[in-house]
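First the structure, in the form of structure tokens, and then the observations on it.
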Amino acid sequence: GDRNGGVQLTLTPLGPCPTAPPSTEDIPIITAVPGGQLLLECPEGAEPHPSIEWHREGSVLQEDARRQLLAQGRFLQVLEVAAADGGEYSCRAAPGDSNLHSRVRVHG
């Protein structure tokens with residue numbers, strides 16, 4: 001059968017203190033399906049921001065055939081999700097901004 005599960009997550013700021021590291025309990029957890037599609041949103045106001053950066057496990061995320069930035073980086077789309085795509089994702093619109101975090105788990 002054709003399993004094309006789509007998941008969308010909206011990231012939200014994690015409290016009033018952007019300098020404090022988020023606790024694990026505060027990070028939204030999203031479950032992705034292997035072979036499906038994952039769409040993460042970085043809500044930095046209504047206007048698309050020209051310099052949004054996405055990170056996975058603390059490293060800058062590079063676009064490739066499966067991982068693409070949409071709407072000038074506001075969305076991160078992952079196609080054909082694999083177990084290796086699991087982990088903590090974060091985005092920020094400009095240096096010095098607080099990161100918005102989510103944790104992705106891949107179940108299969």
query = Residues in the stretch 50-60 that are of a type in the set (A, V, I, L, M, F, W, C) and touching a Leu at 6+ places or on another chain (Cβ under 7 Å): how many?
reply = 1
request  = Test each condition in (1) more than 18 Å from Pro34 (Cα to Cα); (2) of a type outside the set (A, V, I, L, M); (3) modelled with pLDDT under 85 for His107 and report the one that comes out false.
outcome  = (1)
inquiry  = For a quick check of your reading of the model, give me the residue pairs whose first member lies in the stretch 81-108 and is of a type in the set (Lys, Arg), whose second is at pLDDT 75 or above, with beta-carbon atoms closer than 6 Å and at least 6 apart or on different chains.
reply    = Arg92/Glu53; Arg103/Ile27; Arg103/Ile29; Arg103/Glu88; Arg105/Thr31; Arg105/Gly86
message = modelled with pLDDT under 95 and open to solvent by 70 Å² or more (accessible area, probe 1.4 Å): is that true of Gly86 in this structure?
response = no
key: the stretch 17-33 - residue that is at pLDDT 80 or above and open to solvent by 40 Å² or more (accessible area, probe 1.4 Å) and, of those, farthest from Cys91 (Cα to Cα)   = Val33
query = List the pairs whose first member sits in the stretch 47-62 and is modelled with pLDDT of 75 or more, whose second member is open to solvent by 80 Å² or more (accessible area, probe 1.4 Å) and not basic (Lys, Arg), and whose Cβ atoms are under 7 Å apart, counting only residues at least 6 apart or on separate chains?
reply = Ile52/Gln72
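The values are calculated or read from the model by the stated rules, or taken from the named source; none is laboratory data. The structure presented is a predicted model; accordingly, all values stated were derived computationally and were not measured. Cβ atoms come from the backbone with ideal geometry, glycine included; neighbour counts cover every protein chain shown. Surface accessibility is based on the protein's heavy atoms, side chains included, excluding ligands, DNA and RNA. Shrake-Rupley method; radii C 1.70, N 1.55, O 1.52, S 1.80 Å.
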